[in-house]
Amino acid sequence: MPAVRPAAQGPDPSVGDLLAAWLPGRRWFPGGHGVRAEPWLAVTFDDPAAAADVVVLLVRLVGGSLPGGRMVAQVPLVLGPPGDHGPGFIAVVRTAAGDVAVHDGAAHPAGWLTMLHAMGATGGRPDDALVAGGRVVAGEQSNTSVLLPGVPAPGGAGAILKVLRTVAPGPHPDVVVPQALTRAGWDGVPRFLGALEVETPPSVALRQAQEPPVETTTRFRQAQPAGGSTALAILSELVPDADDGFELACDHARRGESFAHLAADLGRVVAELHAVLRQAMPPGPPLDPEAFVAALRRRVATAVAEAPSLAPRAPQVADLLDDLHRRLPPLRLQTIHGDLHLGQALHGPSGWRLLDFEGEPQRPVAERGAPDLPLRDVAGMVRSFDYAAAVGGAPDRPGWRAEAAHAFLAGYRASAPPSGMDPPTADVVLRALVLDKALYEVVYETRQRPDWAHIPLAAVDRVLDRTR
Ligand SMILES: Nc1ncnc2c1ncn2[C@@H]1O[C@H](COP(=O)(O)OP(=O)(O)O)[C@@H](O)[C@H]1O
Ligand SMILES: O=P(O)(O)O[C@H]1O[C@H](CO)[C@@H](O[C@H]2O[C@H](CO)[C@@H](O)[C@H](O)[C@H]2O)[C@H](O)[C@H]1O
C-alpha cells in the first residue's frame, strides 16, 4: 500500500533544487516565474516495474499570481540509475546515496503503470503491455494526459490517463461529474473508468493553507471520491479518430468554410449535458443575485489590474452589471461544465464528446465545480468561436464568428431545459457572461499567451459597444 511521508524524508534535497529550476518552465506550471515551489509531501508506491523508483511529490506553490495565492502541484518522478535517460528525462542529480537520473513520471511508462496499478486498473497484474505504445498528448494543457491504447476499455480503443498537475483535497469535479454522467448512461462524455485518490487526513487538509505539515500516513482509495481525499489522476475511455474541436473550427475558419452544422450539433449536445446534469447531480442552491454580481465585479477588478488598458471601459462594465443585477429573476443553480470552449470538445465518428470538467484553471480551486448558471457554458462556447475565427484567420472574421455562434445558440435553445428566464433577460445574462469570460481570458492570455490578449480585449469592446 502506498504511503505518504513528509517530503524531507522523500527524495534527496538535490531533487527539490532541480525541480525549483525545472517547474517554472512547464506549460502546466501555474503562475510563472514569481512562484516559489517547496516539496511538501511524498507519496510512495509498491513499484510494479521493479526497475524504477516511482515517487509522487506534492509541491507547495506560493505566489501572488496564483489563484488564492497558494496551490499544490503534483510532480510524479521516476528515479533511475544515472545512465538511464528514458522518456521524460530531466537531469542527473548527485544525492547522498549517489547519482540519480530524474524523470517526469507523467511522461514515463513506469510512472503510468504505477498509477494504473494503484488505482486498481491493472487487474492486480502490472503488465508492461498495458503501457506499451503510450504517449503524452502534445499541446498546451493544464495537466498531462497520456494516450494508452493497451489499457482495456469498453470501446476497445484504449484509455487516456490524465495526471492532474494542481491538486486539492475534496471531491474533484473532473472525477465527480464524468462519473455521474457515465453512470447516467449519457454518451456525450468519454466513459469514466476510474481515479487515483490519496486520502489526506483532515489535519493535512487544514494545514495546507498554513504552515508545513508533519503528517506521516495515509491510504489509497480506488475511484471513490469522498471528502478528505485528493484526486491525483483520472482514467477515461479513449475516443478514437476524433478531432479537437478548436483545431477543427480553426481549419474551417481558415478555409472560410461554414461551421454552422457542427456548431448547431454542439449546441444540442451542450443542452443535453445541462439536462442530464440536472438529473444526475444534486440540485444547486437558489441564485443569490447580490453574491453573483459581486463575483462578476471582482473579476472585472482583477482584469483591470492585469490589463490597465481596460480601465476606461470600467464604468460601462459597471452599468451592464447594474442592469444585470436589477433583472436577475429567482433561479436555481446547477452543476455545469464551468470552462467550456471548443478545445474541450472532441468530434469523432459518433459526434461530439465533452471533456475536462475541472473548471477554469485561474479560479481558486474551492470555487471550481460550484453550481452555476448553464448560460456560463453557453457564453464560453460563444467566445470560442471568436478565437477560432481569429486564430484560423477566417477571411470574413465577423461573419464566420456570428454564423457559428447563431447556429450554436439555435441548437442549444432547441434542446435546452427551461432556463426560468424570459428571452430578453436571458440575452442580458448571456451578454454579461460573455463579457465575464472575455475578461477572464484577458487575464489568462496576459499571463500565458500575451500575443493573443488582443482577441479577448477586442471582444470586451464589442460586447460594450454593440455597433461594432
Ligand atoms: N477521452 C479522450 N479521448 C481522446 N483524446 C482525449 C480524451 N480526453 C482528452 N483527450 C485529449 O487530451 C487533451 C487534453 O485533455 P483535457 O482533459 O482537456 O486536459 P487539460 O485539463 O490538461 O486541458 C484534449 O484536448 C484532447 O485532445
Ligand atoms: O483548457 P484549459 O482548461 O486549460 O482552459 C484554459 O486554457 C484555454 C486555452 O488552452 C483557454 O481557452 C481560451 O483559448 C482557447 C483557444 O486556445 C479558446 O478556444 C477559448 O475560447 C479561450 O477561452 C481557457 O480560457 C483557459 O481556462
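The values are calculated or read from the model by the stated rules, or taken from the named source; none is laboratory data. Owing to the predicted nature of the structure, the values given are computational and were not obtained by experimental measurement. Don't worry about glycine lacking a Cβ; one is built from the backbone with ideal geometry, like all the others, and counts go over all protein chains shown. All accessible areas refer to the heavy atoms of the entire protein, side chains included, with ligands and DNA or RNA removed. Shrake-Rupley method; radii C 1.70, N 1.55, O 1.52, S 1.80 Å.
For the stretch 387-400, which residues satisfy the criterion of being open to solvent by 40 Å² or more (accessible area, probe 1.4 Å) and either of a type in the set (Phe, Trp, Tyr) or away from ligand 1 (no atom under 16 Å from the Cβ) (or both)?
Answer for the stretch 387-400, where residues must be open to solvent by 40 Å² or more (accessible area, probe 1.4 Å) and either of a type in the set (Phe, Trp, Tyr) or away from ligand 1 (no atom under 16 Å from the Cβ) (or both): 393, 395, 396, 397, 398.
Which of the residues belonging to the stretch 159-191 are more than 15 Å from the chain's Cα centre (by Cα), more than 9 Å from ligand 1 (Cβ to nearest atom) and of a type in the set (Gly, Ala, Ser)?
Selection gives 170, 180, 184, 185, 188.
Which of the residues spanning the stretch 123-144 are out of contact with any Phe, Trp or Tyr (no Cβ under 9 Å at 6 or more places or on another chain) and crowded, with 18+ Cβ neighbours inside 10 Å?
126, 136
Suppose we keep only residues that are of a type outside the set (D, E, K, R) and within 16 Å of ligand 1 (Cβ to nearest atom) within the stretch 425-465. Which one would you say is nearest to residue 295 (Cα to Cα)?
Filtering first and then ranking leaves 440.
Take the residues in the stretch 171-197 that are in a loop (DSSP other than H, G, I, E, B) and open to solvent by 10 Å² or more (accessible area, probe 1.4 Å), then tell me which one is farthest from ligand 2 (Cβ to nearest atom).
Here the residue is 185.
For the subset of the stretch 99-122 comprising residues that are open to solvent by 10 Å² or more (accessible area, probe 1.4 Å) and over 26 Å from the mean Cα position of the chain (by Cα), which member is nearest to ligand 1 (Cβ to nearest atom)?
Only one residue fits best here, namely 100.
How many residues does the stretch 357-386 hold that are within 19 Å of residue 243 (Cα to Cα) and surrounded by fewer than 23 Cβ atoms within 10 Å (Cβ to Cβ)?
Total satisfying the criteria: 0.
If residue 133 satisfies all but one of (1) more than 16 Å from ligand 2 (Cβ to nearest atom); (2) in a loop (DSSP other than H, G, I, E, B); (3) modelled with pLDDT under 95, what's the number of the condition it fails?
Status for residue 133: all satisfied but (3).
Could you list all residues from the stretch 147-170 that are closer than 24 Å to residue 372 by Cβ, more than 16 Å from ligand 2 (Cβ to nearest atom) and open to solvent by less than 40 Å² (accessible area, probe 1.4 Å)?
The one that is closer than 24 Å to residue 372 by Cβ, more than 16 Å from ligand 2 (Cβ to nearest atom) and open to solvent by less than 40 Å² (accessible area, probe 1.4 Å): 170.
Looking at (1) over 22 Å from residue 181 (Cα atoms); (2) surrounded by fewer than 16 Cβ atoms within 10 Å (Cβ to Cβ); (3) not basic (Lys, Arg), which is the one condition that is false for residue 292?
With (1) over 22 Å from residue 181 (Cα atoms); (2) surrounded by fewer than 16 Cβ atoms within 10 Å (Cβ to Cβ); (3) not basic (Lys, Arg) applied to residue 292, the lone miss is (2).
Pairs only if they're at least six apart or on different chains, beta carbon under 7 angstrom, first in the stretch 427-453 and open to solvent by less than 20 Å² (accessible area, probe 1.4 Å), second within 12 Å of ligand 2 (Cβ to nearest atom) and of a type in the set (Asp, Glu); list them, first residue then second.
453/445
Does the stretch 319-352 hold any residues that are crowded, with 23+ Cβ neighbours inside 10 Å and either more than 16 Å from ligand 2 (Cβ to nearest atom) or of a type in the set (Val, Ile, Thr) (or both), and which are they?
335, 336
Is there any pair with a first residue in the stretch 99-127 that is in the same structural domain as residue 87 (by TED's automatic domain parsing) and in contact (Cβ under 8 Å) with a residue 40 or more places away in the chain and a second that is among the basic types (Lys, Arg) and crowded, with 20+ Cβ neighbours inside 10 Å whose Cβ atoms are under 9 Å apart and which are 6 or more apart or on different chains, and what are they?
Close Cβ pairs (under 9 Å, with a partner that is among the basic types (Lys, Arg) and crowded, with 20+ Cβ neighbours inside 10 Å) amount to 106/165.
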